[in-house]
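A short worksheet on the structure shown next.
The values are calculated or read from the model by the stated rules, or taken from the named source; none is laboratory data. Bear in mind the structure is a predicted one, so any value in this text is a computation, not a measurement. In this analysis, Cβ positions are derived from the backbone assuming ideal geometry, glycine residues included, and neighbour counts consider all displayed protein chains. Heads up: the accessible areas ignore ligands, DNA and RNA and are worked out on the full protein's heavy atoms, side chains in. Shrake-Rupley method; radii C 1.70, N 1.55, O 1.52, S 1.80 Å.
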Amino acid sequence: MIKRIVKLKIKEEYISDFVILFNQIKPEIIKFQGCLSVELLNDIHTKTIFFTYSLWETEHDLNYYRKLASSKLGELVGKNLELRNKLKKYEEN
């Protein structure tokens, strides 16, 4: 089993939009072969820090997801222009 943790710093004004978007795309992530679970976690001290925590059956499954995730999830987000534009602004540089 592979555990994957991704840290994201989200601009404060987009936190609620980001959480809504994550909840919309979570079912799509779980559909990927080998994905056992995916969760969004928020840092207890800094509300702008989030982590995605996912479990994968194999490294191959995770790599397949990583390869296709941006295009597949991009298609989902791309269906809603407003969400796509907001997504670009979510992360702080």
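What to note about this one:
- Contacts under 8 angstrom Cβ, first residue in segment 47-64 being closer than 17 Å to Lys31 by Cβ, partner small (Gly, Ala, Ser) and open to solvent by 20 Å² or more (accessible area, probe 1.4 Å), 6 or more apart: Ser54/Ser37; Leu55/Ser37
- Residue in segment 1-36 that is farthest from Ser54 (Cα to Cα), counting only those that are among the acidic types (Asp, Glu) and touching a helix residue (DSSP H, G or I) at 6+ places or on another chain (Cβ under 8 Å): Asp17
- Neighbours by Cβ (under 6 Å, 6+ apart or cross-chain): first from segment 13-34, closer than 18 Å to Met1 by Cβ; second open to solvent by 90 Å² or more (accessible area, probe 1.4 Å) and at pLDDT 90 or above: Gly34/Glu57
- Selection from segment 6-35 of residues that are surrounded by fewer than 13 Cβ atoms within 10 Å (Cβ to Cβ), under 23 Å from Asn63 (Cβ atoms) and out of contact with any Ser or Thr (no Cβ under 7 Å at 6 or more places or on another chain): Lys7, Pro27, Ile30, Lys31, Gln33
- The helices (runs of 4 or more DSSP H) found entirely in the chain that carry 3 or more residues being at pLDDT 90 or above are 15-30, 59-78.
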